[in-house]
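Before any comments, here is the structure.
The values are calculated or read from the model by the stated rules, or taken from the named source; none is laboratory data. Bear in mind that the values here come from a model prediction, so they are computed numbers and not experimental data. Positions of Cβ are generated from backbone atoms using ideal geometry, with glycine treated the same way; all protein chains shown enter the neighbour counts. Keep in mind that these areas ignore ligands, DNA and RNA; they rest on the heavy atoms of the full protein, side chains included. Shrake-Rupley method; radii C 1.70, N 1.55, O 1.52, S 1.80 Å.
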Amino acid sequence: MPTSNWNGTTRHLFFTCASPAPHPEATTSVGLPLAQLEPLPATLHRPTWVLLVGQSRDTLRTPDAASRATIAWLKRDMGPLLAAPDSPHRLLTVCAGTLMAARAGLLNGRRCTTHHDYLALLRTLAPAAEVVDNRVFVVDGTLASSAGVTAGIDLALHLIAQACGDALAAAVAKTMVVYLRRTPQDPELSPLLAHRHHLHPALHRAQDAVCERPDADWTLASLADAAHVTSRHLLRLFAEQAAVSPMVYVEKIRLERARQALQRGASVTHAAEVAGFSSDLQLRRAWGRHYSGTPRAARAAA
C-alpha cells in the first residue's frame, strides 16, 4: 500500500486480488497458486484501479468460463463507470489483458496497445479502437494499456507518479530495484523521472527533495544538506550517477512543474512562481534552453 503526503494531500493505494468465480483460490497459467481471492464487487465504493493481466494462449483464443464471467462483469459493471464524466476509476491492462478489455467492448474509440504478438488479434477484436504499435504503454483517459509484463512496471510507475507524486514513484522503483524508463512516446515521464537510473540513496534523497519542493531556494549547499553529504561529494554523485549537474536537474524539475501549471491554465507569471522561478524572464530563459517555443505558446496550445 504505497502512501504519500504530496502537496498536502495524503493518498493511499490498496491492492486486492479478485476472481470471477466464488472460489477463494485459483492457479495461474504458469502454475502459480493464488489464495484469499475476493469475488468481483458489484459496486466500487472508492476510486479503483482494475488491473487485467495476460492469459494463456488457449484462453486468449477461446475464453473459458472464468474469462467469460470476467468479460461480462467488465461490460456490465466497469463499462458505465469508466465512461462517466470525471470518473475516478481506471482500467489498466498488462500485455494480453488488453484483449479481455476488447472483448468487453471497452476499447471503442480508445488508443491502446498490447504485446506485439497480439496486435493483429487486438485489431480484430476491437476494430473501433486505435491500436498503437511499438509503444511501451499508452494512456487514454481512464484506460491505460501496456505492451508486456515489464512494460506494466513502467506503466505502474507512471500512474503512481501521477496519483501520489514523483518522489514516491522513485521510491517504489528503488525498492523494486528497477530502472525508471524514459520513453520519447511519453515525454511527461522524462523530466521528472529521468536521471534516476541509479540506486544511490544519498542522490535519491536530494532528488526526492527537489521533486517534493521544486519552489524551494535550492543551492548546491542546501541540496547537499538534503542528501546528508558534502557539496563536493554531491557534485560527484550527480556527475557519475545521474549524468547531469545538480542545478540543471533542479531547473528541469521546475520546468516540468511550470509546464504542468500552464496546462492547467495558469498564467506564465503564476507558473513561474509555483515552479520556483524568480520571474517570468527566468522561466522563459530556462524554457529556451530545454524546450522549443515559449511558455505562453505552451499555455495557448494546452
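Out of the residues in the range 234-245 meeting the condition of being in contact (Cβ under 8 Å) with a residue 24 or more places away in the chain and part of a helix (DSSP H, G or I), tell me which one is most open to solvent (accessible area, probe 1.4 Å).
Within the range 234-245, the subset in contact (Cβ under 8 Å) with a residue 24 or more places away in the chain is 234, 237-238, 241-244.
Of the ones still in play, those that are also part of a helix (DSSP H, G or I) are 234, 237-238, 241-242.
Numbers: 234: 0, 237: 7, 238: 2, 241: 75, 242: 6 Å².
Restricting to residues being in contact (Cβ under 8 Å) with a residue 24 or more places away in the chain and part of a helix (DSSP H, G or I), the top hit is 241.
Filter the range 39-60 for residues that are free of Cβ contacts under 8 Å to residues at least 24 places away in the same chain and under 20 Å from residue 94 (Cβ atoms) and give the result.
Of everything in the range 39-60, those that are free of Cβ contacts under 8 Å to residues at least 24 places away in the same chain and under 20 Å from residue 94 (Cβ atoms) turn out to be 57, 58.
In this structure, does residue 248 turn out to be in contact (Cβ under 8 Å) with a residue 12 or more places away in the chain, of a type in the set (A, V, I, L, M), surrounded by fewer than 20 Cβ atoms within 10 Å (Cβ to Cβ) and out of contact with any His (no Cβ under 7 Å at 6 or more places or on another chain)?
No, not satisfied.
Would you call residue 173 aliphatic (A, V, I, L, M), surrounded by 23 or more Cβ atoms within 10 Å (Cβ to Cβ), more than 18 Å from residue 100 (Cα to Cα) and modelled with pLDDT of 90 or more?
Judged against the criteria, residue 173 is not a match.
When you scan the range 275-302, how many residues do you find that are farther than 16 Å from residue 251 by Cα and among the basic types (Lys, Arg)? Please lay out each step first, then the result.
Step one: list which residues in the range 275-302 are farther than 16 Å from residue 251 by Cα, which gives 293, 296-302.
Keeping just the survivors that are among the basic types (Lys, Arg) gives 296, 299.
Number satisfying all stated conditions: 2.
Quick check on this structure: which one of 84, 66 is among the hydrophobic types (A, V, I, L, M, F, W, C), over 23 Å from residue 151 (Cα atoms) and free of Cβ contacts under 8 Å to residues at least 40 places away in the same chain?
Working: 66 fails: free of Cβ contacts under 8 Å to residues at least 40 places away in the same chain.
Step by step, each of 84, 66 is checked, and only 84 is among the hydrophobic types (A, V, I, L, M, F, W, C), over 23 Å from residue 151 (Cα atoms) and free of Cβ contacts under 8 Å to residues at least 40 places away in the same chain.
For the range 198-218, does any single residue satisfy the condition of being modelled with pLDDT under 85, of a type in the set (A, V, I, L, M, F, W, C) and open to solvent by less than 10 Å² (accessible area, probe 1.4 Å)?
no
Within the range 91-108, how many residues are closer than 18 Å to residue 139 by Cβ and of a type in the set (Gly, Ala, Ser)?
Qualifying residue count for the region: 3.
Out of everything in the range 285-302 that is farther than 14 Å from residue 265 by Cβ and in a loop (DSSP other than H, G, I, E, B), what residue ends up being nearest to the chain's Cα centre (by Cα)?
Ranking the candidates gives 291 first.
Among the residues that make up the range 56-78, is at least one of them in a loop (DSSP other than H, G, I, E, B), basic (Lys, Arg) and open to solvent by 40 Å² or more (accessible area, probe 1.4 Å)?
Of the range 56-78, the ones in a loop (DSSP other than H, G, I, E, B) are 56, 62-64.
The next check asks that each one be basic (Lys, Arg); those that pass are none.
Taking every residue of the range 56-78 in turn, none turns out to be in a loop (DSSP other than H, G, I, E, B), basic (Lys, Arg) and open to solvent by 40 Å² or more (accessible area, probe 1.4 Å).
With respect to residue 223, is the statement that it is part of a helix (DSSP H, G or I) and either more than 23 Å from residue 282 (Cβ to Cβ) or within 24 Å of the chain's Cα centre (by Cα) (or both) true? Break it down stepwise before answering.
Numbers: part of a helix (DSSP H, G or I): yes; either more than 23 Å from residue 282 (Cβ to Cβ) or within 24 Å of the chain's Cα centre (by Cα) (or both): no.
Here the answer is no, as residue 223 does not meet what is asked.
If a residue must be surrounded by 23 or more Cβ atoms within 10 Å (Cβ to Cβ) and either free of Cβ contacts under 8 Å to residues at least 24 places away in the same chain or closer than 25 Å to residue 109 by Cα (or both), how many such residues does the range 157-170 contain?
Count: 1.
Which condition from (1) within 24 Å of residue 156 (Cα to Cα); (2) of a type outside the set (A, V, I, L, M, F, W, C); (3) outside any helix (DSSP H, G or I) is the one that residue 259 breaks?
(3)
Looking only at the range 265-279, which residues are surrounded by fewer than 17 Cβ atoms within 10 Å (Cβ to Cβ) and free of Cβ contacts under 8 Å to residues at least 24 places away in the same chain?
269, 270, 278, 279
How about the range 118-139: which of its residues are in contact (Cβ under 8 Å) with a residue 12 or more places away in the chain and either surrounded by fewer than 16 Cβ atoms within 10 Å (Cβ to Cβ) or assigned to a strand (DSSP E or B) (or both)?
Within the range 118-139, 128, 130, 131, 133, 134, 137, 138, 139 qualify.
Exactly one of these conditions fails for residue 6: (1) under 27 Å from residue 172 (Cα atoms); (2) in contact with a helix residue (DSSP H, G or I) (Cβ under 7 Å, 6 or more places away or on another chain); (3) modelled with pLDDT of 80 or more; (4) open to solvent by 30 Å² or more (accessible area, probe 1.4 Å). Give me its number.
Answer for residue 6: the failing condition is (3).
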